[in-house]
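I have placed the structure first, in the form of structure tokens, so that the comments after it can refer back to it.
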Amino acid sequence: MGAICCLGRGLGALWRGLAEGRDGLRPIRRFSTQGLPPHLAGIVPGFETSSASSDELCVEFALSAAREARADAGLDRHALGPGRLALVMGTSPGDHELDAHELTERVGALLGIDGPRVTVSTACSSSTNALGIARDLLASGVSDAVLAGGADVLTPLMFAGFHALGVLTPQKCAAFSFPSGTSLGEGAGFVVLEAAAGRRAARARLLGYGLSCDAFHDTSPDPTGSGVARALRAALAQAGVAPAEVGYVNAHGTGTSANDPAEWRALLQVFGERARRLPVSSSKGLLGHAQAAAGALELITTLLARERGLVPQTLHFTRPRQLAPDDPVAQQQPRACRYRFAVSTNSAFGGANAALVIAAAEDQQLAAPRLARPVFVAGVGALGAHGSDGGELLARLDAQAPLASGRVDEQACSRLALPADPRSLDPSSRYLLAAATLALADAGLRRVPGQLRDRTGCIAGITRISPQGIAGIRRSIEQRGMPFLSATAFSRMVLNAPLGSCAKLLGLRGPTSTVSIGAGSGLFAMAHAAEWLQSRADAELMLAAGLDELPAGSAHGTAEGAACAVLSCEAGPGRPRLAGWGISGPARMPEAISRALAAAALEASDVDLGIGCAGAFTLGKRRLDPAATFGASDGFGSALALVAAALWLRAGPARHALVTAGGSSASCALVLSAAAPGLTPVAAPGRGDACAAN
Amino acid sequence: MEIRNVSPQSEAAAVVASPALAAEVRRIRESVAYSECEHVSAVRLSGPGAFAVVDAVCPRELYVQDGQMLHTLLLDAAARPLADLQLCAEGDDFLLLVEGLDTEQLRGYLREWAPGAGQLSFTDLSPSHRHVSLNGPYAWELLSELLGPELIGLPYLGFYHGPGFSCFRSGKTGEYGYELWLERGSAASFIERLLEVGREFDLGAASLAALDVCALENWFFNARREGRAGLSPIELQLQWRISYQKSYPGSARLAELRRSGPRRRAVLLASERELRDGERLCFEGEPVGEVVRAEHSCTRGDTLAIALLSLPYAHPGLGPLDAAGGARAAVISAPAVNNRSLYVDPQRHSYRTRQEQRFPALTERVG
Amino acid sequence: MRSELKLTVERREQILARLRAVVVRQLQYRREADELDPDAPLFGSGFGLDSLDAVEIVVCLETDFGVRLSEHELLRGSMRSLNMLIDFVLSHGDPKRVAAE
């Protein structure tokens, strides 16, 4: 593992701060905090007055931590096959010049990672989520080793935004105590994850992870904590660990009056009365809230302590607030405490919760077996320049005649029966909601029934923040100044904001995530959702979508809109089966394709229809290119390709379709087979679930 | 602005509240009270055409998530409110909680205005359910001890079903309010448990009259009282409950009224003396309107009234208005009470520790 | 009506118009200004604004009307309706900014 944070560069600096109980929170000097009451923050030493751009800082932090992790794992010395090392990075797009996935790509290129480079951007739970995705890549056989973690930078916008929300503490973050409020931080944390068999001594085992969505509010968490509880239970279930066996909890513990009590309620729900005897600490008093890097840094803190038989302390705790853990490890130094299993939780704007379960490297715990459930496309929907009608979509593709404009047909949107006034949503949220509503309706569900909501998740492939949202916040800063920027506009400045809104309006409380691989993000989201549904038991339905919103006056040849598929394990008429999928590094499309075909037990010659960029692979009978008709797009186009394939197969007589998409981050291929009676589901290849962390 | 020159020896009687009513209102305002209700009709509409039927009569656009309620009205062709309606979306069904029309009248209304209403399944919930309303700044705490902590996350205008009950978070008093619809079979034992757990909360009963006083104090429209006065939603300041973007019974008339511009507005009056329904009001000798509905405000100790005034006079601070019976009144901003529930935070407070808190006074006013 | 009363009423109407503009423009509330009744509840019931909208309103009160944010203790009880906001602005706003258009 490797880290860089407000305590300094490297694991050693982090450990020394932890051991001494010395936090890294200092007055901010890198930018002006004029107009904002003085707040302390966890700025990385050596960069207190840096004039580098936030992009440069983010990449620098990520490289620092990733290189240390790589060296720590002895990865340089191993001969991994080409494309077998992946990168999963949690980060925030914030007000960077580059898109989030471009940051990841830069890091990946500089580290020589030629496997898939995946970006996760769910704000404060990004890196926790990233570790989980990394685990999935190993378990499904896509990679042999994954560099996973997160990196984030404290920018003036982040600072002003949190201030506008009224959640910054006037002193130092005192989780579960007084005064309430959080301190922001920055940095990066990375771990190297490898499959268990035959590696040098690992530092720990990542047994499982869980995700959930509060579906409650854009910035406030569900006060009952039931969202966090769901994520925790899902993680424990995957790890095969009972709540009674957990010995330590590293909480999200931001210190805010909304988060802390909700989180404690979650722990009481999951652990019952036993929660009162569990050490529960928050590392944010030490590191500040490192945002997208928080999860990874907090896990590393936990592991550094664990190796010395300790649990991290909660700094600055004086007396407990109402609804605080009974044992918040309120002391200056870490406490001696041995345990078998630990959990780490993080929560984010938009209600995205993530939890991890870890154990000692040599622990013999058997995680829950990977399932091999069949995955079907129960419904599809897309909103774009063609409107919202599937028939229209196919007709256009068939004609391969380019549309004059790639802009969404807003009239079509206004005719849909949505659960909220579409005019009150930003375009990204509006398109996503429309596509999801269409897909659910296509699946025969006007609404997700109450009892299914905890088990309905959504994964979205989104590459940029809504341009209208960015314009909105810039306008508010121009008109009123940074100290008075619009809190509402700020709440849209996370990549998972549209998905959070959508989940809230549709009541989707299952696993949620926003991912990006640049071009092909929509398809990647679908593959990820399919993987989840196939291998785990905690979801019944997964919505998967790709989204793009164009800024005003954009280049001809680009497209905007959203396309969504509802995935289910239940077969049915008109439900093509997601027979196989493959993910590989950039410029390695043939590998992704052969993996997808192998999973589907098909040959290339079986494919009737190819949609998307086929790369070096030549297909048989029919080929469609949505980009030629609708224009290029990163999230929307590739998801649209899958929607089109599903519709085509439904119409018949084509039996198998191959959809591909990819770019400079990763390549993704998916095989769809027409619904047919008597088709037996094919088990996906995988090497089991165990996975070692370094 | 305060009431000026109120003459103490006017002919209008000084108001004295019934102590029982005052106690009930105090309970609603300071702890929690329960009310057994019969004034609300509850109906479930199901069938494939339910959305279209509801859409045809609902004055608001049907943007409502599953498990959420939409608070609106049912209007007649002349755009006068017939009923207060809370529409609850549940899958493909709708639950209608209606005050002002009974079940048969509601059925007739739907049949008159929505083609396809006849094909729907229309289930009256009253025969099979009892309605208990729980209101007060600590109602959430009592209910969460009874029903479980999930209750705390129930947002305003959210609802859910549990074993033997349905819980709707709405309330028309300005305090935390929950409408419980209990299946008759288990209602008695539910209420027994409610009363038992409620002992810790000084739970007591509150009559419909007490609920009505609280509604007036908080400027909640009462379909059974001012709703009968034949006023339009524009006059009643209920435009938030209707939309000018769609068609429904009364929409044409409403658009007309909006175009021609309203000339009167219902406002909140306060007076130290009693006011009577229908009493005429003058300002500086000129008639400017009349009292629609007046009520003693137990919380404030004065009289509150809804009065229909000509627009130039319909502004807080305007006073004194002379009532025909001799009382003097002034227009005030709504609502008239600084509800305790604004300050009670389920994440921080508890009824048991309420003495340790210092909350602003219920009658504290700004300006 | 006496002229000073007329002035008071006019001033209230001006402030009402400015507050309505805040709701429509800053909060992007999907209604026309005249649909926003002065006594209708702002939060929960009525307009159904949420906590993020509340933050916006507080900021607008400061920037447009010179209400000092240290008065926030009073705000929760004052932000019940547009009429109450007008009362608050009249009693705690900076008179020059309140009078300006």
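Data overview
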item	result
Mean projected area (nm²) of the alpha-carbon convex hull when chain C is viewed from all directions	6.4 nm²
Gyration tensor verdict on the range B:255-367 (Cα atoms; rounded if a/c is under 1.5, prolate if a/b is larger than b/c, oblate otherwise)	prolate
Of every Cα-Cα pair in the range A:385-464, the percent that sits beyond 18 Å	51 percent
Fraction of alpha-carbon pairs over 32 Å apart in chain A - percent	44 percent
Column: log10 I(q)/I(0), Debye, Cα scatterers of the range A:52-101, q = 0.18, 0.23, 0.28 Å⁻¹	-0.70, -0.92, -1.09
Peptide B:153-161, shielding by other chains (average Cβ, 10 Å cutoff)	3
Surrounding net charge for A:Gln313, when Lys and Arg each add one and Asp and Glu each subtract one, Cβ distance under 15 Å	+3
Per-residue [θ]222 nm for the protein assembly as shown (sum of -39500 (n - 2.57) over DSSP H runs n ≥ 4, rounded to 500)	-9000 deg cm²/dmol
Chain B - Rg (one decimal) and Dmax (whole number), Cα, Å	21.3, 64
Sites A:Asp363 and A:Asp326, calculated FRET efficiency, Cβ-Cβ separation with R0 41 Å, nearest 0.05	0.95
Relative packing of peptides A:501-508, B:263-270, A:397-404, A:85-92 - highest average C-beta neighbours within 10 Å first	A:85-92, A:501-508, B:263-270, A:397-404
Rounded to 10°, Cα long-axis angle of helix A:294-307 versus longest principal axis of chain A	50 degrees
Highest to lowest packing among A:140-152, B:153-165, scored as the average C-beta count within 10 Å	A:140-152, B:153-165
For the protein assembly as shown, Kirkwood radius (reciprocal of mean inverse C-alpha pair distance, Å)	31.1 Å
Rh (Kirkwood; distinct C-alpha pairs) - the range A:499-557, Å	13.1 Å
³J(HN,Hα) computed for each position of the range A:271-279 - Karplus, 6.51 cos²θ - 1.76 cosθ + 1.60, integer Hz, glycine/proline x	9, x, 4, 4, 4, 5, 9, 7, x
Label zone at A:Ala401, where the point sits 7 Å out along the Cα-to-Cβ direction: the range A:624-664 residues whose backbone N lies under 18 Å	A:625-631
Partner chain coverage, peptide C:46-58 - average Cβ within 10 angstrom	5
Helix runs (DSSP H) in chain B reaching 18 Å along axis by Cα, Kyte-Doolittle at least 0.0	B:184-198
Burial ordering of A:Glu20, B:Glu30, fewest other beta-carbon atoms within 10 Å first	A:Glu20, B:Glu30
With 20 Å bins from 0: P(r) over the range A:2-359, alpha-carbon pairs, percent	34, 60, 5
Sequence-separation-based contact order of the range A:199-274, relative, with Cα cut under 8 Å and 6+ spacing, percent	35 percent
Set of aspartates and glutamates near A:Lys504 by C-alpha distance (under 13 Å), chain-local residues within fewer than 8 positions excluded	A:Asp214, A:Asp218, A:Asp222, A:Asp454, B:Asp66
Inverse mean reciprocal Cα-Cα distance (Kirkwood Rh) of the range A:203-329, Å	15.0 Å
Over chain B, relative contact order from alpha-carbon pairs under 8 Å, at least 6 apart, %	22 percent
Potential extension, B:Ala361-B:Arg193 segment - 0.36 nm per residue separation minus Cα distance	57.3 nm
Between helix A:226-239 and chain A: long-axis angle, C-alpha atoms, 0 to 90°, nearest 10	80 degrees
Set of lysines near A:Lys172 by C-alpha distance (under 29 Å), chain-local residues within fewer than 8 positions excluded	A:Lys284
Rh by Kirkwood over Cα pairs, then Stokes-Einstein D for the range A:302-370 at 1.002 mPa s and 20 °C, µm²/s	148 µm²/s
Within straight-line cross-link reach of C:Lys96, lysines at Cα separation under 20 Å, skipping those fewer than 8 residues along the same chain	C:Lys6
With Cα atoms, 0 to 90° folded angle of helix A:390-399 axis to chain A main axis	70 degrees
Residue-averaged beta-carbon neighbours from other chains (10 angstrom radius) around C:82-91	5
For A:His96, residues with placed amide H under 5 Å, excluding near neighbours	none
Estimated D of the range B:232-285 in µm² per second, where Rh is the Kirkwood radius over Cα pairs and Stokes-Einstein applies at 10 °C, 1.306 mPa s	117 µm²/s
Ordering of B:109-122, A:280-293, A:570-583 by packing [mean C-beta count within 10 Å, highest first]	A:280-293, A:570-583, B:109-122
Per residue Cα convex hull volume in Å³ - calculated over the range A:376-673	126 Å³
Cα gyration tensor of the range B:32-226 - equivalent ellipsoid semi-axes, whole Å, descending	28, 18, 15
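Since every read-out is calculated from the coordinates, none of them should be taken as a lab result. Bear in mind the structure is a predicted one, so any value in this text is a computation, not a measurement. As a convention, Cβ positions derive from the backbone with ideal geometry for all residues, glycine included, and neighbour counts pool all protein chains shown.
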